[in-house]
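Undergrad: Below is the structure I would like to discuss, written out as C-alpha cells.
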Amino acid sequence: MNAFTWFVLAVLALVTVIQLWLARRHVRHVQRHRDSVPEAFRDAVDASAHHKAAAYTIAKTRAAMADTLIAAALFVLWTLGGALEGLDGLWHATGLSPLVAGTGFVVSFLALSSVLELPMDVYRTFGIERRFGFSRMSAGLFIADNFKQLLLTLAIAAPLVWVVLWLMADAGPLWWLAAWVVWMGFSVLMLWAYPVVIAPLFNRFLPLDNPELRQRIERLLARCGFASKGIFVMDGSRRSSHGNAYFTGLGENKRIVFFDTLLNSLDAVEIEAVLAHELGHFKRHHVAKRLMSMSALSLLALGALGWLSGQPWFYAGLGMSQSSTHAALVLFLLIAPLAGFFIQPALAAGMRRHEFEADDFAAEQTDPSTLVRALVKLYEDNANTLTPDPLYSAFHDSHPPAPVRVAHLLTKIPG
C-alpha cells in the first residue's frame, strides 16, 4: 500500500458515504409525503396510487443503497483483496501471447462483474418489480436475456479490447488519441446498429397497425421534418408493465418505438404528445450534443489513462505487482466511476435542461395540457414518486421532478 492506495480508499469512502446519505434523505423525504398527494395532482392521482409510488420508490432506493455497499466491497476485493492479481496470474499461466492473454483478462473481468451483479438483478426483478405488480418476467426469459447479454459482451467487447490493448502496446505515447478515435467510431456504429441488430435479439418489433394513430403520427413527423425507417411497437409487456416510447438509431436508420404497454395506457392524442416530446430531443439536437459531451469526456478519460498507465505507483497502489496494459485498463475501469461521481450532478442537470427543451417543443406541436395528462398517467402507471427529495433528485435524476415539470408545462397553456 502506498499514498495512492490511501487516497483512493478515502475517495471510495467519501463517495459511498455521500451516496448512502443522499439515498437516506430520499427515503425519509418520500416517507414524510407518502400520505399526501401534491395539490397539483389531487384531481388525477388517488391516495392509493400515491402511496404505492412511495413504497415502490423506497424499495428501489434501499436496493440502490445495497448496490452501493456491494460495489465498494467488490472494489476492495478486486484490488487490495488480490482478485485481479489472481485473475491475471491465471491468464499468464496459459502461455498465450500478452495481447491475447490481456484481452482474455479484461473480457473475463467484465463477464465476472456481470455475474456478480446477478443476485441483485434477481432481487429487483423477482422481488421488488414482482411485488409491486410490474414484472412479468419468467425465470426462463430472465436466464435467456442474461445469457444473450453475456454472449454480446464476449462478441462485442473482445475485439474492441483487443484493438485498444494493441494500440496501448504499439501505437506510441499518443496511443490514447488513436484509441479515442476507435472508441468514437465504435459508439457511432452502436448507435446505428442497435435498432436493427441488437434490440431485436431481446424484443419483437412489429409495425404499428393502428391506421388512425399512424396517420396522426405521420402528420406530426411531417410537421417536424423527421424521417424514420418506420413506426414500431415493442413487446415490452413480456417483461414488464412499465410503458415508454423512444426513437433510436442514427441517420437514415432512425426508428420510432412504442412499448405496447404505453399504447394500452394512453389515447391517440396523448401518444402524439409523448412522441412530440421525444421528437423535441431530435429537433433540439440533444443526441448530437450528448454525443459531443461523451466524446469530450472520453478524450479526457483516455488521456488520464495514458498518463496513469506509465506510473508504477498506479499499479502497486491498487494491488497489482506487475504493470501491464491490460491491468491499467481494468484498474482505470474500476476507479473511473469514483471520478465520475463528482461530475454526475452537472451531467444530470444538462439532461434535465434537455427534458425542459423537449417539453417546450412538444408544447409548440401539441396541446400542452394533453402532454400533462399523458405524463400524469405515466407517473401513476409506472409508480414514479411525485415527491422526490430535491437534493437527491438534483444529484441523480435525468428528468425534472414531476411537480416541476408539470408546472413548467402549465405555463405553456395559452390564456
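Only the coordinates and a few stated rules stand behind these numbers; no lab work does. Keep in mind that this is a model prediction, so the values were computed, not measured. Neighbour counts are summed over all protein chains in view; Cβ atoms, including those assigned to glycine, are modelled from backbone coordinates with ideal geometry.
Undergrad: Would you calculate the convex hull of the Cα atoms in segment 267-338 and tell me its volume per residue in Å³? Walk me through the numbers before you get to the answer.
TA: Working: hull volume 8.5 nm³, N = 72.
Output value, Cα hull per residue: 119 Å³.
Undergrad: State the extension gain, in nm to one decimal, for the chain segment bounded by residue 356 and residue 3, taking 0.36 nm per residue of separation less the distance between their alpha-carbons.
TA: Numbers: separation 353, 0.36 × 353 = 127.08 nm, distance 4.46 nm.
Stretched out fully, the residue 356 to residue 3 stretch lengthens by 122.6 nm.
Undergrad: Run the numbers for residue 304 and residue 28: contour at 0.36 nm per residue of separation, minus the present Cα-Cα distance, in nm.
TA: Details: separation 276, 0.36 × 276 = 99.36 nm, distance 3.86 nm.
Result: 95.5 nm gained on full extension.
Undergrad: Which of 220, 347, 141 moves the most in a Gaussian network model of the chain with Cα springs under 10 Å?
TA: Maximum among the listed residues: 141.
Undergrad: Name the long-range amide H neighbours of residue 232: under 5 Å, sequence gap of 5 or more, or other chain; modelled H, no Pro or chain starts.
TA: Here the answer is 208, 256, 257, 258, since their amide H atoms fall under 5 Å of that of residue 232.
Undergrad: Now for a separate question. Stretched out fully, how many nm does the piece from residue 322 to residue 397 gain, at 0.36 nm a residue minus the Cα gap? Can you show the working numbers first?
TA: Numbers: separation 75, 0.36 × 75 = 27.00 nm, distance 4.01 nm.
Separation in residues times 0.36 nm, less the Cα-Cα distance, equals 23.0 nm.
Undergrad: Looking at the chain, send over the antiparallel percent of its DSSP beta bridges, to the nearest 5. Please report the intermediate quantities before stating the final value.
TA: Values: 8 of 12 bridges.
If we restrict to bridges inside the chain, about 65 percent are antiparallel.
Undergrad: Among 33, 50, which comes first, then next, by fewest other beta-carbon atoms within 10 Å? List each step's numbers first, then the result.
TA: Numbers: 33 17, 50 24.
Listing 33, 50 from fewest to most nearby Cβ atoms yields 33, 50.
Undergrad: Round to the nearest 0.05 the FRET efficiency obtained for residue 112 and residue 182 when R0 = 25 Å and r is the Cβ-Cβ distance.
TA: Working: r = 24 Å, r/R0 = 0.98.
E between residue 112 and residue 182, to the nearest 0.05, is 0.55.
Undergrad: Can you pick out the pairs among 60/148; 377/412; 52/148; 229/377; 148/229 whose Cα atoms lie more than 23 Å from each other? Show your work: numbers first, answer last.
TA: Details: 60/148 25 Å; 377/412 19 Å; 52/148 33 Å; 229/377 29 Å; 148/229 26 Å.
Table pairs above 23 Å Cα-Cα are 60/148; 52/148; 229/377; 148/229.
Undergrad: Hey, with R₀ at 41 Å, roughly what FRET efficiency would residue 227 and residue 141 work out to, going by the Cβ-Cβ distance, to 0.05?
TA: Numbers: r = 34 Å, r/R0 = 0.83.
Efficiency at R0 = 41 Å is approximately 0.75.
Undergrad: At 7 Å along the Cα-to-beta-carbon direction for both residue 268 and residue 174, put a label point, then send me their distance in nm to one decimal.
TA: 5.9
Undergrad: At 30 Å minimum axial length over the Cα atoms and a Kyte-Doolittle cut of -0.5, report the qualifying DSSP H helices in the chain, or say none. Write down the numbers at each step before the final one.
TA: Details: long enough: 3-32 (43 Å, 0.90); 47-78 (46 Å, 0.74); 286-308 (32 Å, 1.13); 325-365 (52 Å, 0.62).
Span-like helices here: 3-32, 47-78, 286-308, 325-365.
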